[in-house]
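FYI, it's all coordinate maths here, none of it is from the lab. Just so it is clear, the model here is predicted, and its values are computed rather than measured. Here Cβ is always computed from backbone atoms with ideal geometry, including for glycine, and neighbour counts include all displayed protein chains.
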């Protein structure tokens, strides 16, 4: 899965473009200095020019990127009464996404807050796994929401997201057959003891809504928490 560009990344890029003049000016000086260094025929001078005019602009751009990102994130969190955490341990979160592959132990760029009285956490997550002998890295983003009551383990796997890892975590008898064309868009899996609850939650109106919204996110409910991610 290709890493998606977030609105914060776009905002950082916009700020960097406003501060590019030192880099552009330095680039022009670099070509002028390289021209005269090449004419001198001294390799040591050429190497010195390369070091002086390439390393500082790269370091300066990296500094600006970190500075603007930190400021944008802080301002966004404050304006929405969120708490921002650059890293948050996965801990004992029971969701399937954290059981896949050689998982990274932390969530990244988390925003925590409340919606309708329920706690939530927006997060990014990286999963490292082996596929055909090669390292496979996937990037996920999603939200965890605390529910007002505990529910059985239910997974709604969007076929468009192609998260085959989810289906491998469950036995075939956990796969549910629901009415209509819902199965063309989502796989629904639940423990035998939770199938009645899953059928009740996924009423015809809810299934139609999920299909119409073209939601390509996977949904999982465990105990008193819900996670939506892709």
So if R0 is 41 Å, what FRET efficiency would residue 199 and residue 129 give, r being the distance between their Cβ atoms, rounded to the nearest 0.05?
-> 0.80
Distribution of pairwise C-alpha distances over region 171-224, 10 Å bins, in % | 22, 59, 19
Distance in nm between residue 183 and residue 150 label points, each 7 Å along Cα→Cβ, equals 3.2 nm
Taking neighbour Cβ counts within 10 Å as the exposure measure, how do 129, 203 sort from fewest upward?
-> 203, 129
Spatial extent of region 83-229: Rg and Dmax, with the Cα atoms as the point set, Å | 15.6, 46
